[in-house]
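Can you keep this structure in mind? I'll have questions shortly.
The values are calculated or read from the model by the stated rules, or taken from the named source; none is laboratory data. Quick caveat, the model's predicted, so the values are computed rather than measured. Note that each Cβ is placed from the backbone with ideal geometry, even for glycine, and that neighbours are counted across all protein chains shown.
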Amino acid sequence: MKMNVLLLALVIASSAPLVAWSADLGKPVTWQSSQAAKLNQTPDLARVAERLIVQYDLDGDTVQPTVSEAKFVDLDGDGILELVALVDYSGRLFFNNLAIITARAGSPVVTTYRSNGTNMQDLDQRIISKPGSPKKLLVVDRFIDRYEGSLPSPKEQRLLELYSGSLQDVSKQHRDYYFKRLDVLEKQAGNSAGGSAKSASTASSTSPTERDEKFVLRQELERTRMQTLGE
């Protein structure tokens, strides 16, 4: 009996900091950008983000979210932090959703970007500075065509901006980003940084078994070239 009481006490003690931090964070409208360093040291921030998504998302308790990474950052440059998280709703640890806990007209809301199947990771690298602005942009992935299961599938990158509590696709406004990405992809393909590679065929007759890494890279190169033109 004493052993059971001791184990129960240990469980309660170990969970107390998480519950306390969840409660002490306050509402999103109170998350000042000056507190970013402190808030990002929140113990087990991914689990805290899960609780907040359930709390503030109207459908949050319908399917239990699983968060792989979370970070406080001021996305729109208004001095108030948002909590950005990579989320799985499938139970398969496939993090193809990006959720942002923010405030709209003073009320907490969860804004979600749902990709078409791409598993996203490395959250820090997905938050970039908007040129000439204190705002941040979010880099998200989408399959160019469709998800092919275990077969390699080419992806494109899209740029999102938080505006009035909603995410907007601003990819066409940032061609410079895609020129830089094109340079990286060309180097991967063994091309010179400034050289113009021959356009790859995108014929729909390509069989799934031919979607190897070289095919994927060619498709991503072609798509990125189009994005440098604002498409």
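Being among the acidic types (D, E), outside any loop (DSSP other than H, G, I, E, B) and free of Cβ contacts under 8 Å to residues at least 24 places away in the same chain, is that true of even one residue in segment 83-95? Please lay out each step first, then the result.
Start the filter on segment 83-95 by keeping residues that are among the acidic types (D, E), which leaves 88.
Narrowing the set further to residues that are outside any loop (DSSP other than H, G, I, E, B) leaves 88.
Subset that is free of Cβ contacts under 8 Å to residues at least 24 places away in the same chain: 88.
Yes, the conditions are met somewhere in segment 83-95.
Sticking with this one: Can you give me the number of residues within segment 108-121 that are without any contact (Cβ under 8 Å) to a residue 40 or more places away in the chain and under 18 Å from L83 (Cβ atoms)? Don't jump to the end; show me each part of the working.
Quick first cut of segment 108-121, residues without any contact (Cβ under 8 Å) to a residue 40 or more places away in the chain only: 114-120.
Pick out the ones that are also under 18 Å from L83 (Cβ atoms) and you get 114, 120.
Residues in segment 108-121 being without any contact (Cβ under 8 Å) to a residue 40 or more places away in the chain and under 18 Å from L83 (Cβ atoms): 2 in total.
Turning to a different aspect of this structure: Tally the residues that are buried (at least 17 other Cβ atoms within 10 Å of the Cβ) and either assigned to a loop (DSSP other than H, G, I, E, B) or out of contact with any Asp or Glu (no Cβ under 6 Å at 6 or more places or on another chain) (or both), restricting the search to segment 217-231. Walk me through it before giving the result.
Of segment 217-231, the ones buried (at least 17 other Cβ atoms within 10 Å of the Cβ) are 217-225, 227.
Then drop every residue that is not either assigned to a loop (DSSP other than H, G, I, E, B) or out of contact with any Asp or Glu (no Cβ under 6 Å at 6 or more places or on another chain) (or both), which leaves 217-222, 224-225, 227.
Residues flagged as buried (at least 17 other Cβ atoms within 10 Å of the Cβ) and either assigned to a loop (DSSP other than H, G, I, E, B) or out of contact with any Asp or Glu (no Cβ under 6 Å at 6 or more places or on another chain) (or both) within segment 217-231 amount to 9.
Suppose we filter segment 57-73 for residues that are closer than 22 Å to Q157 by Cβ and assigned to a loop (DSSP other than H, G, I, E, B); how many remain?
Let us first name the residues in segment 57-73 that are closer than 22 Å to Q157 by Cβ, namely 67-71, 73.
Within this subset, residues satisfying the condition of being assigned to a loop (DSSP other than H, G, I, E, B) are none.
Selection size over segment 57-73: 0.
Filter segment 106-136 down to residues that are small (G, A, S) and surrounded by 14 or more Cβ atoms within 10 Å (Cβ to Cβ) and give me whichever is farthest from L75 (Cα to Cα). I'd like the intermediate steps shown before the answer.
So the first thing to find is which residues in segment 106-136 are small (G, A, S), and the list is 106-107, 115, 117, 129, 132-133.
When the remaining residues are screened for being surrounded by 14 or more Cβ atoms within 10 Å (Cβ to Cβ), the result is 115, 117.
Numbers: S115: 20, G117: 24 Å.
Restricting to residues being small (G, A, S) and surrounded by 14 or more Cβ atoms within 10 Å (Cβ to Cβ), the top hit is G117.
Let me ask you something else. Please determine whether any residue of segment 112-124 is assigned to a helix (DSSP H, G or I) and modelled with pLDDT of 95 or more. Spell out the reasoning first.
So in segment 112-124, the residues assigned to a helix (DSSP H, G or I) come out as 123-124.
Still in the list and also modelled with pLDDT of 95 or more: 123-124.
Checking segment 112-124: at least one residue is assigned to a helix (DSSP H, G or I) and modelled with pLDDT of 95 or more.
I'd like to verify a number: residues in segment 84-140 that are charged (D, E, K, R) and at positive phi, how many?
The qualifying residues number 1.
Here is a further query. Tell me which residues, restricted to segment 120-165, are in contact with a strand residue (DSSP E or B) (Cβ under 6 Å, 6 or more places away or on another chain), small (G, A, S) and closer than 19 Å to R104 by Cα.
Answer for segment 120-165, where residues must be in contact with a strand residue (DSSP E or B) (Cβ under 6 Å, 6 or more places away or on another chain), small (G, A, S) and closer than 19 Å to R104 by Cα: just G165.
Please go through segment 174-216 and pick out each residue that is at pLDDT 95 or above and not in a helix (DSSP H, G or I).
H174
I want to confirm something. Restricting to segment 65-101 and keeping residues that are among the hydroxyl-bearing types (S, T, Y) and within 15 Å of the chain's Cα centre (by Cα), which single residue is surrounded by the fewest Cβ atoms within 10 Å (Cβ to Cβ)? Can you show your working first?
As a first pass, look at segment 65-101 and keep what is among the hydroxyl-bearing types (S, T, Y): 66, 68, 89-90.
Then keep just the ones that are within 15 Å of the chain's Cα centre (by Cα); that gives 66, 68, 89.
Values: T66: 20, S68: 17, Y89: 19.
Per the stated criteria, the residue is S68.
I need the full set of residues from segment 38-56 which are among the polar types (S, T, N, Q) and part of a helix (DSSP H, G or I), in order please.
Here is the first cut: in segment 38-56, the residues among the polar types (S, T, N, Q) are 40-42, 55.
Result: Q55, single match.
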